[in-house]
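Q: Quick one: structure below, then a few questions.
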Amino acid sequence: MTLGFVGKLRRWPESEQFFRLAKTAKQAMFVLSSMQPDAARRKKGRSKTDRVFRHSLGSVCLLACVSALLVGCPRHHRLETLQEATRRYQEAIAQQGPQTRLAPTDANDPEGLDVLRAVGTSQLGPLEISSEESPSGPVKTQHISLAQAIAATLANSPQIREVSFDPAIAEQEVIRSEADFDWTLFGRANVDETNRPTSTISEINRSEVALFESGLRKKTEWGGEWSTSYLLTNSWDDLFNRTPSRRFEPVIAFQLRQPLLRDAWKRVNLAGIDIAKLGHSVALLDFQSRAEELVTEVTATYWQLYQAQQDLETFKQLLARATQTLEKVVGRRDIDATDVQIRQAQVSVNIRQALIVQADKRVMDAQDNLVRLMADSGMSLVDDIRVELTSRPKETLNVINADDVLRRALQRNPILRQGRARIEIAEINLMLANRQKMPRLDLVASASTQTLDREFGAAHDLLEHTLHKSFGIGLVLEVPLGNRVRKAELQSRKFERQKAVATLQATTDQVAAQARERLRGVHTNFAEIAIQQQAAEAALAHLLALEETEQVRERLTPEFLLVKLQAQDGVADAARATTQALVQYNIALAQLVQTTGGALVLHEVHLPVAPN
């Protein structure tokens, strides 16, 4: 966290408003002090009005700062809500756009390997060059903790970037809905010149008309639309008895149309904005849900890679024991070991070598899956890198109350929150359909004032004193007979709301059942850890006892060799079962937290901040 200091106050991000006000007050006082031209005026020559003005403005600035400190800037650090953090994170990802990757180097191969390499600053530490050698050269090792894996996934994953644009698109829908109430400037200008034959002197032969109009129009939150305009007409004709022949006619007009039944009042006209905001909330919750799924997925992948690496080490130890047993059997060839026993030990070695090959494949598969999810520029799927995990699985269990888990799941699960938002949207649509079923009754009113003169200036001067004022008011009624379209729309909206409620109820039951199932999974896997650890200790004690017995036995029998090899397999199986129970316990914890809607907070990951 970035810290700054003003005086002796610690500058938390939440108190930024206070510090801006403090800076403004300081600048205001500086301006006040610089308003006096000299020291004499600052002391004795200052007027009473000036002193009152200075003291009043200073008091206002101080009061504003103190109010901001007490109301908007708490003394202690205020934890950012999950919704604020999620929105800030989504905006940062959306602003970054798709991940930048290296362009293919081969023009004939548009899908070259470079398209798999990301460009940018790595979220991980530097690579470690090992002294071990591989077919491609020295082995490169990347140490990764679970927090680093989650942070890199949330910052780089193409899957999270894909859904990050949905809330941004939905936010533009909110702006479009709000734009319906923006001001509109309108105008027109045209010139008409007429020259037509006439048969009498009482008809117009030639005429010229120039017209200019401009005004403002706005839709109100109550459903009405008003406009005010200025219209100027400059006309001339050759009618013999018209005086004056050249005349200017300015008109100032005001018009209003206000619905009284259908499309009327604030709740109806702001419904579009409310629906757009709820749609943005649904998109943001969908983004949060996908982010939490990725957190759970990368957590599970991390522990699966840990399990694969531990299994590989277990199989190597098993192979070492089998190899040692084979060497002992071969060493006793001249004493009591037969070809049957040697073949038996050799088969065991070959089987365990095959297990290592399969385990190594599982390690590479899990590693590639983790690298794919992280999508970090420090390593890619085409790099020959060995991943070393620095985090260790949790082996303790805190007290978890089932009722608290259910309560949190029902309150914070993003899928349930999406369902509740969709019910709100359905209720707004139902309200709109109910209001649209009404007849249309609009109030129409207009008022204008105008003058007429041969001079442009004189015509406008007369606007202040003219008696030529007009107004009109009336009602417009429209009643659709039968009204079947709007009745069908109302019934459809009722069904949509009922469907949204039924969907939320079904989803609530599913989330509750999932929470209980995952909670039982946590307790089951934790209990299994202790059982498997006891089994591993017993299997190891059994193997050590056999090895001690082997030293005092007079001859090596096929039955004893088989028991020993089986005991070695038992030690390996028990160790693998312990690791599996430990890994499944940690995965179950992550899945449980995801169900309660807290996967983004579990590991205290520092979310990226949108650049200015």
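Q: Whose amide H sits under 5 Å from the amide H of Arg247, counting only residues 5 or more places off or on another chain, with H placed in the peptide plane?
A: Here the answer is Ser235, since their amide H atoms fall under 5 Å of that of Arg247.
Q: Same structure again: Give the carbon-plus-sulfur fraction of the accessible surface of the stretch 441-558 in %, rounded to a whole number; probe 1.4 Å, heavy atoms of protein chains only.
A: Looking at the stretch 441-558 in its full context, I get 56 percent from C and S.
Q: Could I ask something else about it? Quick one: Karplus J couplings for the stretch 187-193, per residue in order, coefficients 6.51, -1.76, 1.60, θ = phi - 60°, nearest Hz, x for Gly and Pro?
A: x, 7, 8, 7, 10, 10, 10
Q: In the stretch 389-538, if the dipole is taken from +1 on Lys/Arg beta carbons and -1 on Asp/Glu beta carbons about the Cα centre, which of Ala530, Ala458, Leu406 is farthest to the positive end?
A: The residue sitting farthest along the positive end of the dipole is Ala530.
Q: With θ set to phi - 60° and the Karplus curve 6.51 cos²θ - 1.76 cosθ + 1.60, what are the ³J(HN,Hα) couplings of the stretch 276-293 in order, to the nearest whole Hz, using x for Gly and Pro?
A: 5, 5, 5, x, 5, 5, 4, 5, 5, 5, 5, 5, 4, 4, 5, 5, 5, 4
Q: Can you pull the Rg over Rh of the stretch 345-496, Cα-only, Kirkwood?
A: 1.46
Q: To continue, here is another question. Kindly write out, for the stretch 217-230 in residue order, the coupling ³J(HN,Hα) from the Karplus curve 6.51 cos²θ - 1.76 cosθ + 1.60 (θ = phi - 60°), rounded to whole Hz, with x marking Gly and Pro.
A: 9, 8, 8, 9, 5, 8, x, x, 9, 10, 8, 10, 9, 10
Q: Less than 15 Å Cβ to Cβ from Val357, Lys/Arg counted +1 and Asp/Glu -1: what total charge do the surrounding residues give?
A: 0
Q: Starting from the residue with the highest accessible area, list Phe186, Phe495 in decreasing order, probe 1.4 Å.
A: Phe495, Phe186
Q: Using only the heavy atoms of the protein chains and a 1.4 Å probe, how would Leu475, Leu467, Leu312 rank by accessible area, largest first?
A: From most accessible down to least: Leu467, Leu475, Leu312.
Q: Quick one: which residues, 5+ away or cross-chain, put their amide H under 5 Å from the amide H of Ser145? H built at 1.01 Å from N.
A: Residues meeting the criterion, in which the H sits 1.01 Å from N, are Thr390.
Q: Show the residues, 5+ positions off or on another chain, whose built amide H is closer than 5 Å to the amide H of Ile204.
A: Under 5 Å from the amide H of Ile204: no residue qualifies.
Q: Ignoring ligands, DNA and RNA, please state the percent of accessible area on the stretch 208-323 from carbon and sulfur, probe 1.4 Å.
A: Roughly 54 percent of what the probe reaches on the stretch 208-323 is carbon or sulfur.
Q: Using the Cβ atoms and a cut-off under 13 Å, what net charge is assigned to the surroundings of Glu221, where Lys and Arg are +1 and Asp and Glu are -1?
A: -2
Q: If you don't mind, there's one more thing I want to ask. In a shell of Cβ-Cβ distance under 10 Å around Gly597, excluding Gly597 itself, what net charge do Lys and Arg (+1) and Asp and Glu (-1) give?
A: Result for the neighbourhood of Gly597: +2.
Q: Return one whole number: the accessible area per residue of the stretch 229-335 in Å², for a 1.4 Å probe.
A: Here the residues of the stretch 229-335 average 44 Å² of exposed surface.
Q: Sort Asp461, Asp311 by accessible area with a 1.4 Å probe, largest first.
A: Asp461, Asp311
Q: OK, next. Excluding ligands and nucleic acids, what accessible area in Å² is computed for Arg454 using a 1.4 Å probe, to the nearest 10?
A: Result for Arg454: roughly 130 Å² accessible.
Q: Ok, one more. Excluding ligands, DNA and RNA, what is the solvent-accessible area per residue of the stretch 479-561 at a probe of 1.4 Å, expressed in Å²?
A: Computed with neighbouring chains in place, this is 69 Å² per residue.
The values are calculated or read from the model by the stated rules, or taken from the named source; none is laboratory data. Because the structure is predicted, anything quoted here is derived from the model rather than measured. Every residue, glycine among them, receives a Cβ derived from its backbone with ideal geometry; neighbour counts consider all protein chains shown. These accessible areas exclude ligands, DNA and RNA; they are computed on the full protein's heavy atoms, side chains included. Shrake-Rupley method; radii C 1.70, N 1.55, O 1.52, S 1.80 Å.
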